Structures are given as C-alpha cells and as structure tokens.
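Below you'll find the structure, written out as structure tokens, and then a few comments.
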Amino acid sequence: MEQNYSYQMKIDRPLYQHNNEVINKDTSQDKISHSKCTFFSKSHLKSVLFKTIPALMWLGSYQWQDDLMKDLIAGCTVAVMNIPQGMGYALLGNVPPVVGIYMAIFPVLVYSLLGTSRHISMGSFAVICLMAGKVVLAHSQTPLEFTHNSTKYISSSGEPIQYYTPLDVAIAVTFLVGLYQILMYFFQLGFMCSFLSDTLVNGLTAGAAVHVFTSQIKDLLGMHIQSFSGNFQIIHTFINIFESIYSVNMVACFVSFITITVLVINNELLKPWVNKRSVIPVPIELIAVLIGTVAASCFGISEKYNLTTVGSIAVGLPEPRLPPFSLMPAIALDSFVIAVVAYVISISMALIFAQKLNYEISPNQELLAQGAGNLVGSCFLCLPFAASLSRSVIQQTVGGRTQLTSVISAIILIGVLTSFAQIFETLPRCILASLIIVALKGVLLQAKDVFRIWKLSPLDGIVWVTTYLTVILVEIDIGLLVGVLVSNLVLCIRGIKPNIYRLCHLANTEMYVDPHRFSKVEEITGVCIIHYAGSLNFANQRYFKQQVYKIMDRDPKKELIESNIKTSKVSPTDLCLKPVSFLI
C-alpha cells in the first residue's frame, strides 16, 4: 500500500521594501555646508587627533599596575642593548659612534607618540646605516681643518669649493628620507609594501648583510685599507684585503677572536639556559664593551699595540641644526631608496608582532611616524632609523607591552650621554666589529632559506637568487631595483600561466586533492574535476585551453580527422567535452 508524504518548508525572514516617496536631494551648497560642519565638529576633530597621535589613545587606557613594571624592565634591557649596537652601527654609517645613541633617543621619542606598533624597537639598524654610510662616503670630504661644519675653500682658479663633513651628508640623507616618507603618507602609499614580497625582502637583507660583514673586516683584523663606493665594491674590497694581508694587526685579531668566541658561547649555550630561568637576558654585549674599555684604559693596550679606538665622544645632547639643503639634489635618489627599504623592513617586523599578539597597525600611520622621526632626527645629527629585529625580539620577550618601553629606554640613554659617555672613547673598534659580526649571524644565515623557497616555488627562488646576487656583486639599490623588476615579471608569468591541475578523490575521505601531492587517490570514471587558480582573461585563455586538453588527454583536431567530420557545426571543444562530465 502506497503512502503519500507531503513536505512543507517554512521560511521566516523580515521583508524589506522601499517606500514610494520622493527623496529631497541636497543641493551642492547644502552638501558643502554640511561637510564643513562635519569636518569642524568636535567629535571629528577628536577622532582625527587620536588617529594622528595614537599615544593619546593608548596612554588613556594604559594599565599602570599591570604594564608599568614590564615596560620598565623592557626599557632598561633595550637601553643596554642600544649602547653597543648603536655605537657599532654608527660606524657603518661613517659617522661618530655617539650618533648611534642619538638615534635611539630623538627619532624614537617621536615614533613613540605617532607609531602604532607596540613591540618593534626603533633606532639603529645595520642595513640602513650601511646604505646611508655609502652615501656619506661618496659625498663627504673631511680636510684636517674641520670636523663638524661644512666649509668653503677657494680653489686655484679662485672659485669657492663646498666641502661637506660626514655629519653634513648624514643629516641631509636623514632629512630627505623623512621628507619622502611624509610625502608617501600624504599620498596614502602605505600599500606599496605589498609590492615588495617577503622573498624579495629576505634576499635583499641577506645580501646587504654580506656588505655589512665585508665593511667590518678591516676593523676585525686591524687593517688600514681603502674604502670603496659604487658598483662592485665588495669585489674591490676583497682584492684590497688580499693585497694588504701583511698589514694585519695580530693583537686586533686575537681580541676579535676572543670577543666573538665569548658572544657565540653566550648565544648558543648560556642564553638558552638563562631564558628558562629568567626573562631578563644577560647583557653580554655591554659586558664585552665595558671589559674592552677597562682593559684599554687601565692597561693601555690600544696605544701599546696600535689598536684603532672609538675616539672622541661629545658629552651631553647635541645642539639642533639644519641640514645643508644645497647637497640634497645630489643625494635625492639614494635617499629615496633608503626611505623605501627602511619603511618596508620596519613595517614587515611590525606586521609580524601584530599578527603574533593579535592587534592592528596602520601602514600609512607608520609612514607618518617614521617620516616625522627622521625629520626630527636630522636636526639632532641622526642617521635614518628603522626597526631592529634582535632588539624587537628581546623587547617582546622580556615583557614589553607598549611604546612606553621606548620612552624609558630613551630617558636612560639621555642619562648615559650626560653623565659618563666619555668612558667609551678608549674602546677598541675591533670589539664593536665583533659585536656586529655576531649580531649578523641570523641575517647571514638567511642564505639557507633559498633551498626552502626554491622547493616551494622555483619562481620565488629565482626572485631570491637574482636579488641576493645583484645586491652582493653590484650594489644594494641596484639589487632592490632588479628584485622589484623580476618579482613583477614573475607576477605576470603567474597571471599568464596560473596553476591548473586535475583533482582526484582521496581514499576514505570526501576530499579531492592534487594527485601529485598525495599517493592514495582514485580517479572518478567519466568525471574530470579541474582546479584552476586565477582569473580567466585574454592573456591566459590559450594556456587554459591547452592545459584542459592536456589534463583530459584529448586532441580535438586529431579526433576530427579520425572521425572524418567535416561539418562546421561541431566544434573541437564540443568533441572534447562530450564523453565526460566537466567540472571546474
């Protein structure tokens, strides 16, 4: 006996409709008046103020009982790291070591007010200091008659010659870098970091680390060699090193060897042990600097064994001054490259910490913060600043919660400058070179990433290798340009030849996967499922058609001949797809 079943489906949802009413549109004059009232309203101005100065927001909600002690500990730790790192990285910029400490004060205080990242440690960074140092070396001359101010000399023909000191060039570069970043902020160009892939940045920084390493060999070995700038400088530098190999200072080599050994033992053995028992790391870099300073002061090893020292360090804070604007046209292009690289490196680190700790940052606001920091820093003898990965990791690890960490660090460094900065004047430069070499270990070892990158994507591997080799063999800015061009070429290739493959059923599951990546797969008789990643357009339609024919193992033209079909009503595609179900 048959039973009839009736099924009913009830859908309950709100019903929305437009009323047939005439909408009175505002006149253009009314719109302008309304916009003015809205823009100058108290709520809008308050919103703009809080957006422009994020410190007003996080200070208002600051948890003083929970966060102050952690920020204080992190600030002290970062300040201790900034002393040796800042002095060492300033030497990369061909400026006095004390400039590295200035960089951890003035621009950092500005960033604390305007920046949106809570955990990156801004200040001196090896790659940016090196790039700025190349510009300083190329455009500065330092006659014995002056050290700090640009001077005009009279040539034999009676015409004045303008000389610029290293500090003149350095602050001019910093000013232009800040100006470029401010302009990029006004034009809302924070999205440009998307055009520099992680692969490109990885290859760029790894190649730049080789430049940093090469620049420290002369101090590491106590040699006096010629400084080179321009293309192929690494090649010229190593040729000069081998030609001057007999001028090596054996005492400097011994001091460098001992320093590097102690630092490596600390990083590989002592630090993991300490990290399990305390959040505060051993300030081994500062300890090495203090021991070297005491040994040089008490035993006179620098004078006795002809070791190059840090030299004179000014006490107190520098007087503000404007950069030489007449120099800026000559360094405009180099400064733009530095501005882009500094921003990309800093925003990349900021995004890493923001994703890890679940908070948001504003790429455009970061441009404003870094640009304003560089503009202020240029008035106080600073090189362009950027985020340091090593200091940022330490700052987050020891418990830093907010930008107040950077403020505390800057206050401590101001105390150091005004009290006992001169004690570092006798420090041998080979010790600072050793600190830089050990700090570069992680960046230098990024060269191993090429194997992982190539395995995941040969095209990305080509971007990495091209950028890395061009940076090393030619120049950093040329390497950046080549990397961007190759990266965009790869992007076009991927658009023309997108990823397309057949999906097969994974045994004992409901999943359909790529058979080249899984072993236990089975094809469905009479059905071909194709995975296509990308947009279908005129540039890739021919490739799409060829790949579909290849995956289905069909040749429509051949089938036409074999079937002896001469009518134009049946297309090759119809013959190809007729015997099977076709899903994309």
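No value in this document is a laboratory result; all are computed from the given coordinates. Because the structure is predicted, anything quoted here is derived from the model rather than measured. Neighbour counts are summed over all protein chains in view; Cβ atoms, including those assigned to glycine, are modelled from backbone coordinates with ideal geometry.
Each residue of segment 409-416 in turn: what ³J(HN,Hα) in whole Hz from Karplus with 6.51, -1.76, 1.60 and θ = phi - 60°, glycine and Pro shown as x?
4, 5, 5, 4, 5, 4, x, 5
Could you go through segment 453-464 in sequence order and give the Karplus-derived ³J(HN,Hα) for each residue, using 6.51 cos²θ - 1.76 cosθ + 1.60 with θ = phi - 60°, rounded to whole Hz, and x for Gly and Pro?
Those phi angles translate into 5, 5, 5, 6, 7, x, 5, 5, x, 5, 4, 5 Hz.
Excluding ASP334 itself, what net charge comes from residues whose Cβ is under 9 Å from its Cβ, given Lys and Arg +1 and Asp and Glu -1? Working shown, then result.
Numbers: positive: LYS134; negative: ASP477.
That sum, taken over residues with Cβ under 9 Å, equals 0.
Among ARG429, ARG321, which comes first, second and so on when ranked by fewest other beta-carbon atoms within 10 Å?
Placing the least packed residue first, the sequence is ARG321, ARG429.
Local charge sum around LEU456 (other residues, Cβ-Cβ under 15 Å, Lys/Arg +1, Asp/Glu -1)?
Values: positive: LYS448, ARG452, LYS455, ARG494, ARG517; negative: ASP198, ASP449, ASP460, ASP514.
Charge balance near LEU456 sits at +1.
Going by Cα centres, segment 219-284 and segment 74-148 are how many Å apart?
19 Å
For segment 524-531, what does the Karplus curve 6.51 cos²θ - 1.76 cosθ + 1.60, with θ = phi - 60°, yield as ³J(HN,Hα) per residue in whole Hz, taken in order and with x for Gly and Pro?
In residue order, the calculated couplings are 9, 5, x, 10, 10, 9, 10, 9 Hz.
Charges on Cβ only, +1 for Lys and Arg, -1 for Asp and Glu, centred on the Cα centroid of segment 270-406; of ASN275, LEU327, ILE352, which one is farthest towards the dipole's positive end?
In segment 270-406, that residue is ASN275.
Can you compute the label reach from LEU351? Point 7 Å from Cα along the Cβ direction, backbone N cut-off under 19 Å, restricted to segment 386-418.
Zone members listed by number: 386-390, 392-393.
Quick one: which of 529-537, 418-426 comes out on top by average Cβ neighbours within 10 Å, and what's the full order, highest first?
Working: 529-537: 12.8, 418-426: 15.9.
Descending packing order for the listed peptides: 418-426, 529-537.
If I model a spin label at GLU522 and PHE242 as a point 7 Å from the Cα along the Cα→Cβ vector, what separation in nanometres do I get?
6.4 nm
What is the fewest-to-most order of PHE106, PHE187 by other Cβ atoms lying within 10 Å of their Cβ? Walk me through the intermediate numbers first.
On the way: PHE106 24, PHE187 11.
The fewest-first ordering by Cβ neighbours comes to PHE187, PHE106.
So for segment 290-430, averaging the separation of alpha carbon pairs under 8 Å that are six or more residues apart and normalising by length, what relative contact order in percent results?
Details: 102 pairs, mean separation 78.9, N = 141.
Over segment 290-430, the number comes to 56 percent.
Could you line up TYR501, TYR180 from fewest to most neighbouring Cβ atoms inside 10 Å?
Numbers: TYR501 16, TYR180 23.
Going from sparsest to densest Cβ surroundings: TYR501, TYR180.
How far apart, in nm, are two points set 7 Å out from the Cα along the Cα-to-Cβ line at VAL48 and at PHE420?
Going from the VAL48 label point to the PHE420 one covers 4.9 nm.
Checking the table LYS218/LYS441; LYS218/LYS271; LYS134/LYS441 against a 20 Å threshold on Cα-Cα, which pairs fail?
Working: LYS218/LYS441 18 Å; LYS218/LYS271 29 Å; LYS134/LYS441 22 Å.
Exceeds cut-off: LYS218/LYS271; LYS134/LYS441.
What does the net charge come to around SER409 if you take all other residues with beta carbon closer than 11 Å to its beta carbon, with K and R at +1 and D and E at -1?
Working: positive: ARG391; negative: ASP71.
Once all neighbours under 11 Å are counted, the net charge is 0.
At what distance in angstrom do the alpha carbon centres of segment 406-480 and segment 341-386 lie from each other?
Here the two parts' Cα centres lie 17 Å apart.
Which cross-chain or sequence-distant (5 or more) residues have an amide H under 5 Å from the amide H of GLY311, H modelled 1.01 Å from N in plane?
Amide H to amide H, under 5 Å and 5 or more residues apart or across chains, GLY311 pairs with LEU427.
Need the full-extension length gain, LEU469 to ILE496, defined as separation in residues times 0.36 nm minus the C-alpha distance. One decimal, nm. Provide the component values of the computation, followed by the final result.
Details: separation 27, 0.36 × 27 = 9.72 nm, distance 2.69 nm.
Here the segment from LEU469 to ILE496 would lengthen by 7.0 nm.
If the chain between ILE530 and ILE411 were fully stretched, how many nm would it gain, using 0.36 nm times the residue separation less the Cα-Cα distance? Walk me through the numbers before you get to the answer.
Numbers: separation 119, 0.36 × 119 = 42.84 nm, distance 6.20 nm.
Value of the extension gain: 36.6 nm.
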